[in-house]
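For reference, the structure discussed in these notes is given below.
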Amino acid sequence: MISTSQSEALVVRYGEIALKGGMRTTFEQRLVANLRVALAGLPDLTITRTRGRIFVRAPGSTAAALAAISRVFGVVSVSPAGETPPALDEIEAMVLERTAAALEEDFPLRAQVRFGVRVNRAKHGFPVSSNQIAGRLGGALQARHPCLKVDLDHPELRVEVDLREDRALIFVERVAGPGGLPVGSLGRGLCLLSGGIDSPVAGWMAMRRGLRLEFLSFTSPPHTGAQTVAKVERLVEHLAAWQPVTWIHFVPMTEIQQLLRARAPDALGTVLDRRSMMRMASRLARRRHCRALVTGESLGQVASQTLENMGVIEQASEMPVLRPVVMNDKEDTIGLARRIGTYELSTLPAPDSCTVWLPRAPVLRARVGDALAAEEGLPLAELEEQALRQATSRRIPT
């Protein structure tokens, strides 16, 4: 990676947003707003938007800005770029300077490095074509660095020039962003977080699709204690780095689970437990202006996640239930958890509310009628409302 101390600007690219037609400007504005939050505190920050590109300048803090931008959903890639006037001699000098730095840092002592030069010419009326500029720059680079071999299809080193009306930007690397859509561009959701591997990944995937999430975790004191709460909070703190504002809510389940264990059919225990969670999550979501619930359910992974049981559980919800990992193999979800940094936190030992009561022989194909019959006459509505009144909430600092 070239030293960002030489950079005067960061070129931010986005992909899917550009396909949003009449909503494109709205998505771009949301992305810029999210970038401002991610970069808050950096001195002399400026962010400008042109069609298809966003330019960020943070003098003296480019490395910090680069790291922050690479974690903003909606960003496909970002490049540290040198800026020059749109004159060929000055462009060539900057290309030689930045390429030399990249070769020294990324390809030291290499006898041969495959490279390519790409020129994007947005400046109208420039007297030289993009191919002519690329040819001149490629020749100058090979004359200075005999190790360079042209390979336009599979270059190891890409030298790029973005030629605009008032300046040229030169960059030799692209740092990948997470892609997706800007958080908040498609509304708000409430993610049910158990503390396991799947639900944090599901939350991350939902944020990547443009939802701003709040998080809900159920507790069962004394079976779950401070260790469980601390684990969930660490997971949410980690996920909070990916969106501007994050809230975590804890709702106690103990009395509800005790009631179900004493008076409900044992085989339906897990299904009824999850239905109660869905009802409370829906009510909390509405109060928090969320439009959907997000869960880490994966089809067939555990007894409560058969197609029939998931249908009976979802029937208790008052709003749509999104399941981003529903069709994932477990190893796929584990791989993504490792990549986004939640796996180690998720595997810390701590009991969770979902495993406090596990029936001896749980039903695999529950029916809505059986669940409603089991709930009839139980004071679940009162206990659920009481649990919501006892909920604790806090904003997670970013």
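Tally up the residues in segment 127-146 that are surrounded by fewer than 16 Cβ atoms within 10 Å (Cβ to Cβ) and either more than 21 Å from S79 (Cβ to Cβ) or of a type in the set (D, E) (or both), please.
The total comes to 11.
Run down V271, V294 and say which single residue is of a type outside the set (F, W, Y) and more than 22 Å from W204 (Cβ to Cβ).
Going through V271, V294 in turn, the sole match is V271.
Let's see how each residue does on (1) out of contact with any Phe, Trp or Tyr (no Cβ under 9 Å at 6 or more places or on another chain); (2) closer than 21 Å to E173 by Cβ:
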residue	(1), (2)
G82	no, yes
A87	yes, no
G116	yes, yes
Q132	yes, no
R136	yes, no
Q142	no, yes
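Please determine whether any residue of segment 180-189 is of a type outside the set (A, V, I, L, M, F, W, C), over 30 Å from V119 (Cβ atoms) and in a strand (DSSP E or B). Step through it out loud before you land on a result.
Taking segment 180-189 first, the residues of a type outside the set (A, V, I, L, M, F, W, C) are 180, 182, 184-185, 187-189.
From the residues that got through so far, the ones that are over 30 Å from V119 (Cβ atoms) too are 184-185, 187-189.
Among the residues that remain, those that are also in a strand (DSSP E or B) are: 188-189.
Yes, the conditions are met somewhere in segment 180-189.
Go over the candidates P178, P182, P200 one by one and state the one that is in contact with a His (Cβ under 9 Å, 6 or more places away or on another chain) and either without any contact (Cβ under 8 Å) to a residue 12 or more places away in the chain or under 19 Å from R71 (Cα atoms) (or both).
P200
Tell me the strands (runs of 3 or more DSSP E) entirely within segment 11-102 that contain at least 3 residues that are hydrophobic (A, V, I, L, M, F, W, C).
Values: elements: 46-50, 53-57, 77-84.
Of the strands (runs of 3 or more DSSP E) lying wholly inside segment 11-102, those with at least 3 residues that are hydrophobic (A, V, I, L, M, F, W, C) span 53-57.
With the structure loaded, tell me whether E105 is touching a residue at least 60 places away in the same chain (Cβ under 8 Å), loosely packed, with under 14 Cβ neighbours inside 10 Å and in the same structural domain as Y14 (by TED's automatic domain parsing) or whether it fails that test.
Values: touching a residue at least 60 places away in the same chain (Cβ under 8 Å): yes; loosely packed, with under 14 Cβ neighbours inside 10 Å: yes; in the same structural domain as Y14 (by TED's automatic domain parsing): yes.
Yes; evaluated as a whole, the condition is true for this residue.
Just to be sure before I move on: is A226 free of Cβ contacts under 8 Å to residues at least 60 places away in the same chain and aliphatic (A, V, I, L, M) in the structure I sent? Step through it out loud before you land on a result.
Values: free of Cβ contacts under 8 Å to residues at least 60 places away in the same chain: yes; aliphatic (A, V, I, L, M): yes.
Taking the combined requirement at face value, the residue satisfies it.
Listed residues A387, A361; which is crowded, with 19+ Cβ neighbours inside 10 Å and more than 25 Å from the chain's Cα centre (by Cα)?
Answer to the selection: A387.
When you check D166 against the structure, is it at negative phi, modelled with pLDDT under 95, surrounded by fewer than 21 Cβ atoms within 10 Å (Cβ to Cβ) and not assigned by TED's automatic domain parsing to the domain that holds D332, yes or no?
yes
Is there a residue being buried (at least 22 other Cβ atoms within 10 Å of the Cβ), outside the structural domain of S282 (by TED's automatic domain parsing) and not in a loop (DSSP other than H, G, I, E, B) anywhere in segment 199-208?
no
How many residues does segment 54-85 hold that are surrounded by fewer than 17 Cβ atoms within 10 Å (Cβ to Cβ) and over 21 Å from G184 (Cβ atoms)?
6
Would you be able to say whether some residue in segment 326-333 is in contact with an Asp or Glu (Cβ under 7 Å, 6 or more places away or on another chain) and not aliphatic (A, V, I, L, M)?
yes
Which residues, taken from segment 162-174, are of a type outside the set (D, E) and either assigned to a loop (DSSP other than H, G, I, E, B) or in contact with a helix residue (DSSP H, G or I) (Cβ under 6 Å, 6 or more places away or on another chain) (or both)?
Hits for segment 162-174 are R164, R167, A168, I170, V172, R174.
Could you grab the pairs with beta carbons closer than 8 Å, sequence gap of 6+ or different chains, first residue in segment 381-398 and within 19 Å of L192 (Cα to Cα), second one of a type outside the set (A, V, I, L, M, F, W, C) and assigned to a strand (DSSP E or B)?
Sorted first by the residue in segment 381-398, then by its partner, the pairs are A387/P252; Q390/P252; A391/H249; A391/P252; T392/H249; S393/H249; R395/T246; I396/T246.
The values are calculated or read from the model by the stated rules, or taken from the named source; none is laboratory data. Only a predicted model underlies this, so the values are computations on that prediction, with no experimental measurement involved. We place every Cβ from the backbone using ideal geometry, glycine too, and count neighbours over all the protein chains shown.
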